[in-house]
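Structure first, commentary second.
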Amino acid sequence: MTHGQWYVLIEEDTRTTRSADGVVLKLHRWTLAASHLVKGTEEQALAVAEDAALHYVPPFLAGYASPGDVPARQAFLTADGAWLVHLRQRHRACHVRVSTARLVHTQEEIQAPPHSFKDKLRHALNGPESSDEPWRPKA
């Protein structure tokens with residue numbers, strides 16, 4: 001894969017509702033919903049991001065839409081160049097963030113070799129071994 005390619009990233013504000021001790025908690029977090037490779041320059045990626053901000057409909061709303069429905073949309077261009085979009089349709093609403101990013105690093109997953117029976121037994125009795133040292137900035 002060639003590094004330095006431009007992508008348009010679409011993030012959705014997802015909400016999970018949990019209750020604890022009689023209190024209802026509405027937990028929000030941004031989830032990466034899509035990443036689209038843009039074959040071209042940064043300016044072309046910015047144009048694709050603007051198009052996504054003005055036309056992308058999340059599956060959350062699209063699943064409940066009737067043919068011909070168009071959700072209400074407010075699209076804000078932030079100072080850092082990202083788009084923050086508020087969509088409403090009937091009694092449902094959601095938020096989407098659209099931004100551009102340049103891919104600078106990729107790494108494939110590496111799996112450790114399978115454990116022996118002895119290691120599995122030790123793990124069951126003693127618990128997991130400590131993992132590698134946590135990341136720290138270089139001095």
**Request:** Using R₀ = 41 Å, calculate the FRET efficiency as 1/(1 + (r/R₀)^6) where r is the Cβ-Cβ separation of residue 139 and residue 91; round to 0.05.
**Result:** 0.15
**Asked** Round to a whole number: what % of the accessible area of the chain belongs to carbon and sulfur, probe 1.4 Å?
**Response** 55 percent
**Asked** At each listed q (0.17, 0.21, 0.26 Å⁻¹), what is the log10 of I(q)/I(0) that the Debye formula gives for region 81-139 modelled as equal alpha-carbon point scatterers?
**Response** -0.84, -1.00, -1.14
**Asked** Looking at region 1-115, what % of the alpha carbon pairs are farther apart than 23 Å?
**Response** 45 percent
**Asked** In whole Å, how far is the Cα centre of region 1-61 from that of region 113-139?
**Response** 35 Å
**Prompt:** Cα axis of helix 117-126 to longest principal axis of the chain: angle in degrees, 0 to 90, nearest 10?
**Reply:** 80 degrees
**Packing rank of 22-33, 60-71, where each peptide gets the mean count of other beta carbons within 10 Å, highest leading** = 60-71, 22-33
**Asked** When you count, for each residue, the other Cβ atoms within 10 Å and take the mean per peptide, how do 107-114, 47-54 rank with the highest first?
**Response** 47-54, 107-114
**Message:** Expected output is a single nm value to one decimal: the length gained when fully extending between residue 51 and residue 125, i.e. 0.36 nm times separation in residues minus the C-alpha distance. What is it?
**Reply:** 21.0 nm
**Request:** Please calculate how many Å² of accessible area region 59-134 carries per residue, with a 1.4 Å probe and no DNA, RNA or ligand atoms counted.
**Result:** 83 Å²
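The values are calculated or read from the model by the stated rules, or taken from the named source; none is laboratory data. Since the structure is predicted, the reported quantities are computational estimates derived from the model, not experimental observations. Every residue, glycine as well, gets a Cβ built from its backbone with ideal geometry; the counts of neighbours run over all protein chains shown. These accessible areas exclude ligands, DNA and RNA; they are computed on the full protein's heavy atoms, side chains included. Shrake-Rupley method; radii C 1.70, N 1.55, O 1.52, S 1.80 Å.
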